[in-house]
Amino acid sequence: MPDTNHALKPQLDPRKFRDPDRTADGARRAVVALTQLRTLWFNTGSLCNITCKNCYMDSSPTNDRLAYLDLAEVEAYLDEIARLGLPVTEIGFTGGEPFMNRALAPMLEGVLARGLNALVLTNAMKPMLNKRAALLAVKERHGRALALRVSMDHHSREKHEAIRGRGTWAPMLAGLKWLAENGFNLAVAGRTFWHETDADVRRGYAAVFAEHGIPVDPMDPVQLVLFPEMDEAQDVPEITVSCWDILGVPPETMMCATARMVVKHRGAPAPVVMPCTLLPYGKEFELGEKLASSARTVKLNHPHCARFCVLGGGACSQS
C-alpha cells in the first residue's frame, strides 16, 4: 500500500510559491537559464486510459484540459528546430497516455526520419497494444532510435496497483513483455513513494525483470528511472539563489536548463511552449508559441521545481 504516513505530512504553507521573484521569507527565488535545448517534449494530450493516485498531470479518461496535438503542429516545431539549427537530439512524447493520440505513429516517423531520437512514456496497456502493427513498422525502420519507457510504479503487484488501480498490473506486464519480445529499446520508470532504499528497490525490480525476461538493467539509472514523489499539496522548501551552493546542485543540471515541452490547452488557437514536463497547465509558465521565444529564464516558483528537480534529482529525459 502507499505510504501510510502520507496523510500526516505537513500541508504546503499557502504563503509559498506566490511571488515569482521572492520566497515567502523574502529571499531571492532561484532561477534557471536555458543553457542548450537538447530535449523537446510533446504532450500529446491529457487523456489517459487509467486514473492514478497523485498523478502530477491529473490525467484520467475524462481530463481533456490538454487537447490532442496533431501531426502538422508537431512538424512545425521540428521545422523550427531545423531552421534555427537548435542542438536538439531527443524528442519525447508524454501525456496522458501518448498512444491514445491516433497521430502518434506518424509523429514518431516524422521525428525519426529527421535523424532525431524519440522517447515515448507509456503505461504499455491497451492503447499501446492496439497500435502494435504501426509501432512495429516504425521500429523496423528506425531500430533503437525509438525508445519506450514503461511506467511500473513498483516491482510488486500490490504497490503498483495501489497507485494505478486494481487490475493494472497484468496488462502493463503483458505490454512490457511484448515490447521485450519484439526487441524494442526499453526503459522502466518506478516511484519512490515508499520508504525503501534505492538498493532494495532495484533488487526487487531485478527479480521481476529476470522472471519475465525483461532486458532492462535495474542498476542503470537510465534504464530504471526512479522518480521522487510529487504532490504539490505537501510542504516543501522554496529554492533560493543561495540553495545552489548550500545543496551543491548546479542550476545547469535542472531539466529546464536543457528541455522544453509543447502543450495545447483545450480551446486554444495554437500550442504553447512550457519549461518542462511537470508544469503543463500554469499560464504563468507559458513561454510563447515558438521555440525561439522560449529561451527565457525560468523562475522556480512551483513545488514540483523544488521536490522533483532540485531536491529529488529527477529528470525525464534519457539524453
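We did not get these values from a lab; they are worked out from the coordinates using the rules stated. Remember, predicted model here, so these are calculated numbers, not experimental data. Neighbour counts are summed over all protein chains in view; Cβ atoms, including those assigned to glycine, are modelled from backbone coordinates with ideal geometry.
For the chain, what is the calculated [θ] at 222 nm in deg cm²/dmol (nearest 500), taking -39500 (n - 2.57) for each run of four or more DSSP H residues and dividing by its residue count? Write down the numbers at each step before the final one.
On the way: 8 runs with 79 residues, N = 319.
Helices in the chain give a 222 nm mean residue ellipticity of -7000 deg cm²/dmol.
Taking 1 over the mean of 1/r across every pair of different Cα atoms in the stretch 92-166, what Kirkwood radius in Å do you get?
Working: mean 1/r = 0.0760 Å⁻¹.
Taking the inverse mean of 1/r over all distinct Cα pairs, the stretch 92-166 comes out at 13.2 Å.
Using Cα-only point scatterers and the Debye equation, what is log10 of I(q)/I(0) for the stretch 79-223 at each q in 0.10, 0.17, 0.19 Å⁻¹, rounded to two decimals?
So the normalised log intensities work out to -0.36, -0.96, -1.15.
Can you figure out the FRET efficiency of ASP200 with THR35, using R₀ = 45 Å and their beta-carbon distance, to the nearest 0.05? Before the final figure, lay out the partial values.
On the way: r = 35 Å, r/R0 = 0.78.
Using R0 = 45 Å, I get an efficiency of 0.80.
Run the quick spin-label model on ASP79 and LEU129: label points 7 Å from Cα toward the beta carbon, then report their separation in nm to one decimal.
3.9 nm
Kindly rank 171-183, 294-306, 38-50 from highest to lowest mean number of other beta carbons found within 10 Å of each residue. Walk me through the intermediate numbers first.
Values: 171-183: 17.8, 294-306: 20.8, 38-50: 23.8.
Averaged packing, sorted descending, gives the order 38-50, 294-306, 171-183.
Mind jotting down the distance between the C-alpha centroids of the stretch 220-253 and the stretch 139-181, whole Å?
One Cα centre to the other: 26 Å.
In debye, nearest 20, what is the charge dipole magnitude of the chain about its Cα centre with +1 on Lys and Arg Cβ and -1 on Asp and Glu Cβ, if you could check? Please list the in-between numbers first.
On the way: 36 positive and 36 negative charges, 99 e Å.
Using only the charged Cβ atoms, the result is roughly 480 debye.
Once the cut-off is 20 Å, how many percent of the Cα-Cα pairs in the stretch 194-260 end up in the long-distance tail?
Details: 1186 of 2211 pairs.
Cα-Cα pairs of the stretch 194-260 separated by over 20 Å account for 54 percent.
Can you run phi through the Karplus equation (6.51, -1.76, 1.60; θ = phi - 60°) for the stretch 110-124 and list ³J(HN,Hα) in whole Hz, with x for Gly and Pro?
Result, rounded to whole Hz: x, 5, 5, 5, 8, x, 8, 7, 10, 10, 10, 8, 9, 8, 6.
For ASP64, put the label point 7 Å out on the Cα→Cβ axis and report which residues of the stretch 32-47 keep their amide N under 16 Å from it.
Under 16 Å, as judged by backbone N against the label point of ASP64, lie 44-47 of the stretch 32-47.
For LEU119, which sequence-distant residues (separation of 5 or more, or a different chain) have an amide H within less than 5 Å of its own amide H, given hydrogens modelled in the peptide plane?
ILE91, GLY92, PHE93, ALA147
List the lysines whose Cα lies under 17 Å from the Cα of LYS126, skipping any in the same chain that are fewer than 8 positions away.
Once the sequence-local lysines are set aside, what remains near LYS126 is LYS177.
Once the Cα atoms of the stretch 6-310 are picked out, what are the Rg and Dmax in Å?
19.2, 56
Tell me the label-point distance for the pair HIS212, ARG102, using the 7 Å Cα-to-Cβ offset, in nm and rounded to one decimal.
3.0 nm
Give the lysines whose C-alpha is closer than 19 Å to that of LYS16, dropping any in the same chain fewer than 8 places away, or say none.
Cα-Cα hits under 19 Å: LYS283, LYS299.
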